[in-house]
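The values are calculated or read from the model by the stated rules, or taken from the named source; none is laboratory data. Note that this is a predicted model, so its numbers are computed, not measured. Glycine also receives a Cβ, built like all others from the backbone with ideal geometry; neighbour counts cover every protein chain displayed. The area values use the complete protein model at the heavy-atom level, side chains included, leaving out ligands, DNA and RNA. Shrake-Rupley method; radii C 1.70, N 1.55, O 1.52, S 1.80 Å.
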Amino acid sequence: MRTRPLKVALLGCGVVGSEVARIMTTHADDLAARIGAPVELAGVAVRRPSKVREGIDPALITTDATALVKRGDIDVVIEVIGGIEPARTLITSAFEHGASVVSANKALLAEDGTALHAAAEEHGRDLYYEAAVAGAIPLVRPLRESLAGDKVNRVLGIVNGTTNFILDKMDTSGAGYSEALDEATALGYAEADPTADVEGFDAAAKAAILAGIAFHTRVKIGEVHREGITEVTAADIASARRMGCTVKLLAICERAADGQSVTARVHPAMIPLSHPLASVREAYNAVFVEAEAAGQLMFYGPGAGGSPTASAVLGDLVAVCRNKLNGATGPGESAYTRLPVSPMGEVVTRYHISLDVADKPGVLAQVATVFAEQGVSIDTVRQQGRQDASGEASLVVVTHRAPDSALSATVEALRKLDTVRGVASIMRVEGE
Ligand code: HSE
C-alpha cells in the first residue's frame, strides 16, 4: 500500500459533509485498504467557522473555499454545498488545479452537467455524482457502468422523499395536503421553504440527470415537464383508492417507441396498488429501470439524509481515489446519441378525470362526444348521482392511452360545456 495519503478537500460541512468527515475518520483503515492508500482530510470549507464541529480538527476549517481548491496538492474535492454558484466555479477551479470531484449537487449537474464533464475531461479528472440522485441508492453507477452494455428504454421512479412522505400521509390518514405538509415539516422531512420539493424542481433535476445517463444524451432540467403535488387533494387520493390505485409523484424518462427521441417528466400520477412503487412508503425512494436485455430492475432505499447521502459520496470517493492511483479516469459524459427531448404533448399517457355534471338526459353522450372529437378513447366511466337537491352527478372517466396534447384539449373542451359544472380532478394514470 502507498503510504503517502491522498488529500481530500471538503466543501460544505452540513448534514452530509459532517457525516462524510466522520466516516472518513472512523473508517480510515478500511478506506485505505480498499483504495490502496490512506485518504486524509486536508481542508474543510464552511460558511460559519465558529460552529463547533465534533471530530474535525479546527485547523482544517476555512471560509476560503476558493483558496482551498486552488492549493494544488488536493487530489479530490468533495462538493456538498449545493446550488449553482459558487459550486460551479469551485468545481471548475478544482479540475484546473489538479483535483477530481465528487459532487452531490443535482441542481448544478442538471443545469450544467455537460460543461462540467467537458472541464473534467479537458484536465484529465473524474466527476462522480452518485449522491446527486436518490441519496444512498446506487443508480448513477448502475446506469453508467453496470448497464453500459444494455439499452435502457424507461426509468420510472419516486425520487423525492419529502413528497412521498406527504402523499403517503394523505393516503393513510385521509389528511389534506396542507395538514400532511405541516406534519412533514414538523418531522424534519420538509424544509421551511418546501418549494423545491413540493413543486417538483428537485425531482425534475434528478429526472434530467437520469434521462441523460440512461439514454446517452443530454437532457437539461428546463426540458423536463414538471408538475408538483400542491394541487393534489384528499378527494384525488380517495378517488385513486376507489380505482385500486394510490397517488405518487413520479419521475418518468422514456425513449420513444421509434427510438428517435426521449421524454422526461415529473408529475403526480395514480398507480395501481399492485405496482411495486405503490408500496414505497414514507420518505423512501424507489426507481424502476427497464432495459432491453436486463428486463425490469428496481432500486429501493433511503433517498436523503446525512448518512445515506454520505454513503454514496464515500463510494464515489473510493472509486475516484482508485482511478487516481491507477493513473486513469472513470466514465465521463456519454451523450453520443444526441436525441431530441420531445414536449409533454407528445407523451402517450392515460387520464383519470373527475367531473361534476348536470344529472339530466344526454349529458353522458355530450361528454363522450368531446372525447371522441379529440380522438381519445374512453376505458371506463363511473357515474354517481348526488343524493341531494343539486341536480348534479359525479362522472369519473378513465381514458385509454392517448397523446397528452389530445387529453388536455379534451379537458379544455369539457370545461366549456354548460352541463359540466366543474372539473374536480385530472390525474394521469401510470404503471399499468
Ligand atoms: N429533498 C430531497 C427529498 C432530498 O426530499 O428527497 C434531496 O434531494
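Computed values, structure above
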{"quantity": "For the chain: relative contact order, % (alpha-carbon pairs under 8 angstrom, 6 or more apart)", "calculated": "16"}
{"quantity": "Listed residues D193, D30 arranged by accessible area, highest first, probe 1.4 Å", "calculated": "D193, D30"}
{"quantity": "Estimated inter-spin distance, D356 and A368, nm [label 7 Å along Cα→Cβ]", "calculated": "2.5"}
{"quantity": "Backbone HN-Hα couplings from phi across segment 287-298 [Karplus 6.51/-1.76/1.60, Hz, Gly and Pro as x]", "calculated": "9, 8, 10, 10, 10, 4, 8, 6, x, 9, 10, 10"}
{"quantity": "Computed [θ] at 222 nm, deg cm²/dmol, the chain (DSSP H ≥ 4; -39,500 (n - 2.57); rounded to nearest 500)", "calculated": "-10500 deg cm²/dmol"}
{"quantity": "Largest-first ellipsoid semi-axes for segment 280-432, taking √(5λ) over the Cα gyration tensor eigenvalues, angstrom", "calculated": "49, 20, 12"}
{"quantity": "FRET efficiency estimate (nearest 0.05) - Cβ-Cβ, S146 to M243, R0 41 angstrom", "calculated": "0.70"}
{"quantity": "With every protein chain in place, the chain: carbon and sulfur % of accessible area (1.4 Å)", "calculated": "49"}
{"quantity": "Value of Rg to Rh for the chain (Rh from inverse mean 1/r over Cα pairs, i.e. Kirkwood)", "calculated": "1.05"}
{"quantity": "Solvent accessible area, Å² - H400, 1.4 Å probe, full protein context", "calculated": "80"}
{"quantity": "At q = 0.18 Å⁻¹, base-10 log of I(q)/I(0) for segment 345-429 (Debye sum, equal scatterers on each alpha carbon)", "calculated": "-0.69"}
{"quantity": "Choice from D168, D404, D126 with maximal GNM fluctuation in the chain (Cα, 10 Å cutoff)", "calculated": "D404"}
{"quantity": "With DNA, RNA and ligands ignored, accessible area of K360 (1.4 Å probe; Å², nearest 10)", "calculated": "120"}
{"quantity": "Label-point separation, S307 to T230 (7 Å along Cα→Cβ), nm", "calculated": "3.5"}
{"quantity": "Selection from S405, V376, V429, by position along the positive dipole direction of segment 345-429 (Cβ)", "calculated": "V429"}
{"quantity": "Kirkwood Rh, Cα atoms: Rg over Rh of segment 91-173", "calculated": "1.09"}
{"quantity": "Neighbourhood net charge (14 Å Cβ-Cβ; Lys/Arg +1, Asp/Glu -1) for E412", "calculated": "0"}
{"quantity": "Nonlocal amide H pairs with V44, under 5 Å, H built at 1.01 Å", "calculated": "L10, I61, T62"}
{"quantity": "Within segment 65-87, backbone nitrogen closer than 20 Å to the virtual label 7 Å beyond the Cα of S50 toward Cβ", "calculated": "65"}
{"quantity": "Relative contact order %, segment 345-429, counting alpha carbon pairs below 8 Å whose residues are six or more apart", "calculated": "50"}
{"quantity": "DSSP-defined beta bridges in the chain - what % are antiparallel, rounded to 5", "calculated": "70"}
{"quantity": "FRET efficiency estimate (nearest 0.05) - Cβ-Cβ, D379 to A28, R0 60 angstrom", "calculated": "0.55"}
{"quantity": "Cα convex hull volume per residue for segment 140-303 (Å³)", "calculated": "109"}
{"quantity": "Among N326, N153, N105, residue whose mean-square fluctuation peaks in a GNM of the chain (springs only between Cα atoms under 10 Å)", "calculated": "N326"}
{"quantity": "Dipole magnitude of segment 309-432 about its Cα centre (Cβ charges: Lys, Arg +1; Asp, Glu -1), debye to nearest 20", "calculated": "320"}
{"quantity": "Contour minus Cα-Cα distance for H400 and R415 (0.36 nm per residue)", "calculated": "3.4 nm"}
{"quantity": "Two-site FRET efficiency, L325 against D57, from Cβ-Cβ distance with R₀ of 30 Å, rounded to 0.05", "calculated": "0.75"}
{"quantity": "Heavy atoms of D29: accessible area, 1.4 Å probe, square angstrom to 10", "calculated": "130"}
